[in-house]
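S.K.: Quick one: the structure is below, and I'll ask about it shortly.
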Amino acid sequence: MRARSILLALFIVGVIYYVTTHPPQHIPFVSPEGAHSTGGGSLDITEASAASSYDAEEQNNIAVYKKALPAVVNITSTAVAFDFFYGPVPQQGQGSGFILDKDGHILTNFHVIDNARQLEVTLSDRRKFKAEIIGSDPSHDLAVIQIHAPNLTPSVLGDSKNLIVGQKVFAIGNPFGLSGTMTRGIISSIRSIRGYQGAAIDESIQTDAAINPGNSGGPLLNSRGEVIGINTMIATGGAEQSSGVGFAIPINAAKAVLNDLVAYGKVRRPSLGVSLLPIGPELANELGLPADSGVLIMRVSPGGAAERAGLKGGDQQAYLGNTPILIGGDLIVAIDGQDVTTPQDVAQIMNGHKSGDAINVTIYREKRKMQVRVTLSEVKGTAT
């Protein structure tokens, strides 16, 4: 009996020891959908075993953004409108721009700063500075403004001459005021468009990279982070937001006028000082011209570049349909080795020059082919 009591006491002590040293285990529960749970609200999750890595395309995106962002700025313009009672009402607009040099010159669109009474520039590091307008080119929707600030990072300007449809591009700016936004796309086309004031802008870059209100004036970049265009407008169909059809002014058109904008506050646009008639094979045959294509000089402007170089306009009245023309003048077939067949070809070549530049003009005078050296004058009126 005594032995039985001792065994019972030992058994009870053993049970107490086991319970206190071995907490109860949760029994797994499998839901009807097969989801596993350990009970008690805990989750059985899978975590990455190493830091995230980026593929080659992502690395390029990141590199372009890091390289270009410090030079991209947000521009806030304040203009004054008048209400029904002719009281002044301040109005604000936003756009983008990018730094050109350490002196604080910034390139943007003319329509971003048009009618502005006050300009404020916000840098990518959120520093704010007042800006002044240095020069503008309304016909090509370009403007240069300036801030005075230390430690500026200029953009790297690329070349827009040999761009290819399908080439990858990036847009950085401040759409809807969202600073430092980057979008990506391709070059959809290279085409002529009408600018802010209706003038033709040749070789404009069409892209499907998202461009929205606030992007105007910001850079369009290639895959090396070089500026190849200035984002300027979108085709919206009335939606006032990106429809995948945006346009940028080619950077070469801007580079051709930057010195004028900074030095003179305007563009001294170059001119040959001629009125031209496009010539095709049929008209060339009818007029007995020695080349199948080119542009025929109908008139030279008195005192203009062409007249000073000795180029000759027409001296015989004729009609093209019901339109009076002058024939008998020099036939231009090339400028600086580039074939020309329309006045637009000549205008495009002029966009790559400034007044005072000298060019080589290849002409036919009657049956004789010759080259004439012409020093370009500043455009006046509507002559080419």
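The values are calculated or read from the model by the stated rules, or taken from the named source; none is laboratory data. Small disclaimer: the values here were computed from a predicted structure and weren't measured. Reconstructed Cβ throughout: ideal geometry from the backbone, glycine too, with neighbour counts over all protein chains shown.
S.K.: List every residue pair whose Cβ atoms lie under 7 Å apart, where the two residues are 6 or more positions apart in sequence or sit on different chains, the first residue falls within the stretch 55-80 and is of a type in the set (Val, Ile, Thr), and the second residue, located anywhere, is part of a helix (DSSP H, G or I).
M.R.: From residues that are of a type in the set (Val, Ile, Thr), the pairs are 75/112.
Conditions tested, residue by residue: (1) among the polar types (S, T, N, Q); (2) part of a loop (DSSP other than H, G, I, E, B).
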| position | (1), (2) |
| --- | --- |
| 244 | no, yes |
| 254 | no, no |
| 259 | yes, no |
| 267 | no, yes |
| 278 | no, no |
| 284 | no, no |
| 298 | no, no |
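S.K.: Oh, and also: Within the stretch 349-356, does at least one residue satisfy the condition of being at pLDDT 95 or above and either crowded, with 17+ Cβ neighbours inside 10 Å or closer than 14 Å to residue 275 by Cα (or both)?
M.R.: Among the residues of the stretch 349-356, not one is at pLDDT 95 or above and either crowded, with 17+ Cβ neighbours inside 10 Å or closer than 14 Å to residue 275 by Cα (or both), which makes the answer no.
S.K.: Hey, another quick one. Name, by its number, the condition in (1) part of a strand (DSSP E or B); (2) at pLDDT 70 or above; (3) not small (Gly, Ala, Ser) that does not hold for residue 67.
M.R.: (1)
S.K.: Related question: Among the candidates 136, 124, 160, 96, single out the residue that is closer than 15 Å to residue 250 by Cα and either modelled with pLDDT of 95 or more or not in a helix (DSSP H, G or I) (or both).
M.R.: The conditions single out 160.
S.K.: Could you grab the pairs with beta carbons closer than 6 Å, sequence gap of 6+ or different chains, first residue in the stretch 302-324 and closer than 30 Å to residue 354 by Cα, second one among the hydroxyl-bearing types (Ser, Thr, Tyr) and surrounded by 14 or more Cβ atoms within 10 Å (Cβ to Cβ)?
M.R.: Correct list of pairs: 304/377; 305/377.
S.K.: Identify, please: which residue in the stretch 186-203 is buried (at least 20 other Cβ atoms within 10 Å of the Cβ) and in contact with a Gly (Cβ under 8 Å, 6 or more places away or on another chain) and is, among those, modelled with the lowest pLDDT?
M.R.: Residue satisfying both the conditions and the ranking: 201.
Table: residues versus (1) surrounded by 11 or more Cβ atoms within 10 Å (Cβ to Cβ); (2) touching a Pro at 6+ places or on another chain (Cβ under 9 Å); (3) in the same structural domain as residue 192 (by TED's automatic domain parsing).
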{"site": "133", "(1), (2), (3)": "yes, no, yes"}
{"site": "142", "(1), (2), (3)": "yes, no, yes"}
{"site": "150", "(1), (2), (3)": "no, no, yes"}
{"site": "155", "(1), (2), (3)": "yes, yes, yes"}
{"site": "158", "(1), (2), (3)": "yes, no, yes"}
{"site": "165", "(1), (2), (3)": "yes, no, yes"}
{"site": "173", "(1), (2), (3)": "yes, yes, yes"}
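S.K.: Out of all the residues in the stretch 303-311, is one or more among the charged types (D, E, K, R), buried (at least 20 other Cβ atoms within 10 Å of the Cβ) and more than 34 Å from the chain's Cα centre (by Cα)?
M.R.: Within the stretch 303-311, not a single residue is among the charged types (D, E, K, R), buried (at least 20 other Cβ atoms within 10 Å of the Cβ) and more than 34 Å from the chain's Cα centre (by Cα).
S.K.: For the stretch 247-260, enumerate the residues that are crowded, with 18+ Cβ neighbours inside 10 Å and farther than 22 Å from residue 172 by Cβ.
M.R.: Scanning the stretch 247-260 gives 256, 257, 260.
S.K.: Looking at (1) assigned to a loop (DSSP other than H, G, I, E, B); (2) in contact with a helix residue (DSSP H, G or I) (Cβ under 7 Å, 6 or more places away or on another chain); (3) under 20 Å from residue 112 (Cβ atoms); (4) not acidic (Asp, Glu), can you tell me which one residue 152 breaks?
M.R.: (2)
A quick yes/no check of all residues on (1) at pLDDT 90 or above; (2) in a helix (DSSP H, G or I); (3) in the same structural domain as residue 363 (by TED's automatic domain parsing); (4) under 30 Å from residue 366 (Cα atoms):
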| site | (1), (2), (3), (4) |
| --- | --- |
| 206 | yes, no, no, no |
| 229 | yes, no, no, no |
| 233 | no, no, no, no |
| 263 | yes, yes, no, no |
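S.K.: Turning to a different aspect of this structure: Residue 253 versus (1) outside the structural domain of residue 190 (by TED's automatic domain parsing); (2) small (Gly, Ala, Ser); (3) within 32 Å of the chain's Cα centre (by Cα): which is the lone unmet condition?
M.R.: (1)
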